[in-house]
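A.B. asks: The structure's right below; bear with me while I get my questions together.
Only the coordinates and a few stated rules stand behind these numbers; no lab work does. Just so we're clear, the structure is a prediction, and the values are computed from it rather than from any experiment. So basically every Cβ, Gly included, is an ideal-geometry build from the backbone, and we count neighbours across all protein chains shown.
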Amino acid sequence: MTRIMVVDDEESILILVKEVLEQEGFQVDTASDGKECLNKLKTVKPDLIVLDMMMPGMTGKDVLEKIRENPETKKIKVIFLTVARMSEVGKKEVAKLGISDYITKPFDNNDLVDRVKKALK
């Protein structure tokens, strides 16, 4: 079964994304911040991480850098979840970090599922 970790500091978003992805047959783990995500990655190896960019403490970019630094997690696919529209400069910056895609909040549930499936191919 494909395993996905969803990381977001907004509980309502965590619940929504988890439910939408579980209805598609994915196994979903959640984390409410970057630190919790990195701790869970010590024991859980998801195929994909849906990662909020703007969180208190560690930003999504900070978390992604830590994921990429670790040989055990560096190949995990990542999709950013963001409220901000990405500028061209921002898109290039995150592309350098090796993300698969980014989804802008608020998102369409079908679009979320399509992008997740595309990233997992």
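A.B. asks: Rounded to the nearest 0.05, what FRET efficiency do residue 74 and residue 15 give with R0 = 25 Å and r taken as the Cβ-Cβ distance? Could you check?
C.D. replies: 0.30
A.B. asks: Now, a different point. Kindly provide the Kirkwood hydrodynamic radius of the chain in Å, to one decimal, from all pairs of distinct alpha carbon atoms.
C.D. replies: 14.1 Å
A.B. asks: Just name one of 57, 25, 1: the one whose Cα is farthest towards the positive end of the charge dipole of the chain (beta-carbon charges, Lys/Arg +1, Asp/Glu -1).
C.D. replies: Of 57, 25, 1, it is 1.
A.B. asks: Checking the cross-link filter: which lysines have an alpha carbon closer than 18 Å to that of residue 40, excluding same-chain neighbours under 8 positions apart?
C.D. replies: Reachable lysines: 18, 61, 66, 74, 75, 77.
A.B. asks: Another question about this same structure. Would you pull out the residues with amide H under 5 Å of residue 4's amide H, same chain only if 5 or more places away, H placed 1.01 Å from N?
C.D. replies: Amide H neighbours of residue 4, under 5 Å, 5+ apart: 27, 28, 29, 47.
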